[in-house]
Amino acid sequence: EEYKYLRGKDSEYGDAWNFISNREGITKFWEDGLKRGGKFENVITVGMRGEQDTSIMGKNATLADNIQLLREVLQTQNKLIQENVNPNLSEVPRMLALYKEVEPFFYGDENTQGLMNSEELEDVILMLCDDNHG
């Protein structure tokens, strides 16, 4: 949500909350956040959703495409954490919130392997959400 206050066509972060069309701007946004807060004791949230609680690529993308893009997001974030916080990722508390729009990408389906047990999520805390049910 913070991004909406910093975005714009003249912003150093770009305008689109889209890792495909604005990878450089989004990556800089994350890196600047780590530089600001990385020296403090934190649990760093990783992953990415679309705007307004949507899936990362929208409802018309395939499960496999969403999983692959989320994998790229996690790889980028892990690299940024290693460069700006601690080279040893296992020493950095990180958390992925499995909201309803992200959960299918974690589990996958019978035809598509999800991110469960992936290298990108090694040592990551999983927050299971009871969204819209309580």
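The values are calculated or read from the model by the stated rules, or taken from the named source; none is laboratory data. Keep in mind that this is a model prediction, so the values were computed, not measured. Cβ atoms come from the backbone with ideal geometry, glycine included; neighbour counts cover every protein chain shown.
Listing for the model above:
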{"item": "Matching residues in segment 14-32 - criterion: being of a type in the set (A, V, I, L, M) and free of Cβ contacts under 8 Å to residues at least 40 places away in the same chain", "result": "A16, I26"}
{"item": "Identity of the residue in segment 1-42, in contact with a Gly (Cβ under 8 Å, 6 or more places away or on another chain) and of a type in the set (A, V, I, L, M), that ends up modelled with the lowest pLDDT", "result": "A16"}
{"item": "Any hit, segment 11-22, residues being within 22 Å of L121 (Cα to Cα), part of a loop (DSSP other than H, G, I, E, B), under 13 Å from the mean Cα position of the chain (by Cα) and not aliphatic (A, V, I, L, M)", "result": "yes"}
{"item": "Filter result for the condition that a residue is part of a loop (DSSP other than H, G, I, E, B), polar (S, T, N, Q) and at pLDDT 95 or above, over N111, N78", "result": "N111"}
{"item": "Residue match in segment 83-92 (condition: without any contact (Cβ under 8 Å) to a residue 40 or more places away in the chain, of a type in the set (G, A, S) and at positive phi)", "result": "no"}
{"item": "Segment 86-134, subset surrounded by 15 or more Cβ atoms within 10 Å (Cβ to Cβ) and of a type in the set (S, T, Y), residue farthest from M48 (Cα to Cα)", "result": "T112"}
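Quick grid of which residues meet (1) crowded, with 17+ Cβ neighbours inside 10 Å; (2) of a type outside the set (D, E, K, R):
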residue	(1), (2)
T54	no, yes
K59	no, no
L74	yes, yes
L80	yes, yes
